[in-house]
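Read through the structure below, which is laid out as structure tokens, and then see the notes.
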Amino acid sequence: MKPPRQTLRLLLAAVASAAILSFLLLAPPDGLSPLSFLSSSPYAHRPKLLFLLAGQSNMAGRGAVVHPLPPPYRSHRRVFRLAASRGWVPAAPPLHADIDTHKTCGLGPAMPFAHRVLAAVPSPDSGGGGGGNDTPVVLGLIPCAVGGTRISMWAKGQPLYEFAVARTLAAVADGGGNLGAVLWFQGESDTIEIDDAQSYGAKMERLVADLRADLELPNLLVIQVGLASGEGNYTDIVREAQKNIVLPNVLLVDAMGLPLRDDQLHLSTEAQIRLGNMLAEAYLNFNSSRGPKL
């Protein structure tokens, strides 16, 4: 015996409602309510203060993903990520999931960095004032880091370098705004061979010069992270090279001493939060007397 037509309609409506409810409850990233996630953000098409995230696994993020996410990793209405498709999407970890695709990405320093930067620049619509600027700061993160890469793989003409430059130029061309800094965390793979370690400093200086030339930003700020660990026996040599970079507008934030995961190579989630705050402090201090970027 077939069920009455009205009963079928009610059953189908119930199933559809359940499916929609499941999507609303499960789809949004942490920190965004279902309705706000589905609605278009008023900040999505605003000019953004951009940050290029480059290097290897500790920048891509290998911190353990925990639920619920710690507050520094939750989505924010004014923080966006340039997806692999080069479209802006709400930033939510793992930021490099569609970039560093051959590894399992976790939590890195970029989201804590973004939260700390925004906390230092109150939005006018939050009642905190805008420091004389009525336009709220919107951040655009450009993930480009890939685990297990040596600095020679980031040289001009190599795929990783060209990929990062192309993504950055695309972000700016799309009304992205200004590039605030390059956040660079790399070098662990250059501690394996003595030749790589000894040539690290010269290659890093060449990389900075090439980025500034190709992005047409001669004073581009580059914040490099001093290694907390290495894959080989020459970590001290690479760290010394990082400390001895003499180019203007190149800062060093030292990660040595931050907690590592059990592999003794990758930073823990706690360490990534601390590193993100350290990077933000370096950026904010550098720009404290330079006025707003947007």
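On the basis of being assigned by TED's automatic domain parsing to the domain that holds LEU69, within 15 Å of MET59 (Cβ to Cβ) and not in a helix (DSSP H, G or I), does VAL182 make the cut? So VAL182 fits the description; yes. With a requirement of 1 or more residues that are polar (S, T, N, Q) and either without any contact (Cβ under 8 Å) to a residue 60 or more places away in the chain or buried (at least 17 other Cβ atoms within 10 Å of the Cβ) (or both), the helices (runs of 4 or more DSSP H) lying completely within the range 199-294 that satisfy it span 235-243, 269-287. Tallying residues that are polar (S, T, N, Q) and without any contact (Cβ under 8 Å) to a residue 12 or more places away in the chain within the range 162-198 yields 0. Working only within the range 77-102, note down all residues that are small (Gly, Ala, Ser) and touching a Cys at 6+ places or on another chain (Cβ under 6 Å). Scanning the range 77-102 gives a single hit, ALA97.
Inspect the range 98-107 for any residue being surrounded by fewer than 23 Cβ atoms within 10 Å (Cβ to Cβ), among the charged types (D, E, K, R), part of a loop (DSSP other than H, G, I, E, B) and at pLDDT below 95 and give the result as yes or no. The answer is yes, given that some residue of the range 98-107 is surrounded by fewer than 23 Cβ atoms within 10 Å (Cβ to Cβ), among the charged types (D, E, K, R), part of a loop (DSSP other than H, G, I, E, B) and at pLDDT below 95. Scanning the range 62-90 for residues that are touching a helix residue (DSSP H, G or I) at 6+ places or on another chain (Cβ under 7 Å) and of a type in the set (Gly, Ala, Ser) turns up GLY63, ALA64. In the set PRO90, PRO28, which member is under 24 Å from the mean Cα position of the chain (by Cα), at pLDDT below 50, crowded, with 18+ Cβ neighbours inside 10 Å and not β-branched (Val, Ile, Thr)? After applying the criteria, what remains is PRO28.
The values are calculated or read from the model by the stated rules, or taken from the named source; none is laboratory data. Because the structure is predicted, anything quoted here is derived from the model rather than measured. Using ideal geometry, Cβ is built from the backbone for each residue, glycine included, and neighbour counts are taken over all protein chains shown.
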